[in-house]
Amino acid sequence: MKRKFLLLSAVSLAVLSSCNKKEEAVKPEFKDGKTYAIRDFVKIVGVSTYTDLNNAATKLSISIQNLETNTSPWNLGEAQNLWKRMHSVWKLSSALHFGPVDEGGYADKLDRSPANINELNILLADHNKSLEQSDIEKLPDDQKSMHCMEYILFGKDGSRKAETLTAREKKYLSSLAKNMQKSFQDIYQSWTNSFYNDIFFAGTTSTKFKSKKALFVAMADGMRKACENLVKNDLGRPYDFTDSSRTESPYSNTSLENVKVAMTGVKNAYYSTYGLDSGYGLKYVVTEKNSGLDSKFSDRLKQANTALDKLSPTLDKALYTQLQDVKVAIDAIDSLRSTLELEMKPFFNTIED
């Protein structure tokens, strides 16, 4: 028995040794790690985000068509929930706006805030003005953004009733939803075809990123811009005026949630995470050469999220009851932006392909 036990022990040690060697063998070197980071970023983060966004826009468009033909409270509630879903995924994509979104001017076209509700109301009241898709496309951005749709779906005070929707409001919603669906489909097509290849083959055959470092700098800048938008607009604008009407989504009352989702988007971009999926993120590229920078980024991201979690359930209330806490959150996100701009981007400029 003793001989058998010793024999099994030896075999077990051999197996464990073999497993350890296998783990060590697949650990990527720094050069390979950059390739893995690019692969996982575009597959896990980019494609997943814009697939969900495209699907959300499609479902919303169908829901609004149903609302147009059957204006029931249930159909209105479904359209409201699907609008929240679509806009939430859009905010989740904030750190990915480099590339197709920036090049196509989609951020202004789709998410211009605040909505110009005065001009929109004039348009809707004028029965001589057509509201076909081509007509909506020609409108200024502040009369055809997601927040114009939000205003009509939720009402100015957030208590829209299905029976109060007019025929022209429903026609406007239907045409606008179809236009948005087309825009999100175009972005999705780019991220799953041409732009996918530009990212995946950075430093080789990519036409946009002649080196991997160029892509990493663009990714860092995407995260920086997402933070900057929160500091200047989504949080900064209502804070500067202490005015809840200047929040990004005042009609659905989802402004604070949107800020938190945008921060999740920054986290996704850095760690290559999306939902339950995770991969070899930028974090590992940074840690390999500058663990201190990775720690600083991680700490400041955590500080920003902690500051946001201290705010009351809505930004509207926090502006009047926790104004100093709002300022703390703004400063924390701005510190993260500063790290990305002054340290992360220069770091990526120093690495070799």
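Annotations
- Residue check, residue 124 hydrophobic (A, V, I, L, M, F, W, C) and either within 30 Å of residue 195 (Cα to Cα) or within 27 Å of the chain's Cα centre (by Cα) (or both): no
- Residues that are within 30 Å of residue 347 (Cβ to Cβ), of a type in the set (A, V, I, L, M, F, W, C) and in a helix (DSSP H, G or I) within segment 218-245 comprise 218, 219, 220, 223, 226, 227, 230, 231, listed in sequence order.
- Listed by first and then second residue, the pairs with beta-carbon distance under 9 Å, at least 6 apart or on different chains, first residue in segment 220-233 and surrounded by fewer than 22 Cβ atoms within 10 Å (Cβ to Cβ), second outside any helix (DSSP H, G or I), are 221/98; 225/97; 225/98; 233/113; 233/248.
- Across segment 193-217, the number of residues qualifying as β-branched (Val, Ile, Thr), more than 22 Å from residue 264 (Cβ to Cβ) and in a helix (DSSP H, G or I) comes to 1.
- Test: residue in segment 94-102 that is at pLDDT 95 or above and closer than 18 Å to residue 152 by Cβ: no
- Those residues of segment 234-245 which are closer than 24 Å to residue 343 by Cβ and crowded, with 20+ Cβ neighbours inside 10 Å, in sequence order: 234, 235
- Among (1) within 25 Å of residue 235 (Cα to Cα); (2) in contact (Cβ under 8 Å) with a residue 40 or more places away in the chain; (3) in a helix (DSSP H, G or I); (4) not aliphatic (A, V, I, L, M) - the single one residue 68 does not satisfy: (1)
- Those helices (runs of 4 or more DSSP H) of segment 246-353 in which at least 2 residues are surrounded by fewer than 22 Cβ atoms within 10 Å (Cβ to Cβ) and touching a residue at least 60 places away in the same chain (Cβ under 8 Å), considering only elements entirely within it, cover 255-271, 282-289, 315-321, 323-339, 345-350.
- Output for segment 130-188, where each listed residue is among the basic types (Lys, Arg), within 24 Å of residue 73 (Cβ to Cβ) and either part of a helix (DSSP H, G or I) or free of Cβ contacts under 8 Å to residues at least 60 places away in the same chain (or both): 168, 170, 171, 178
The values are calculated or read from the model by the stated rules, or taken from the named source; none is laboratory data. Here the structure is a predicted model, which is why all the values come from computation and not from measurement. With ideal geometry, Cβ positions are generated from the backbone for all residues, glycine too; neighbour counts draw on all protein chains shown.
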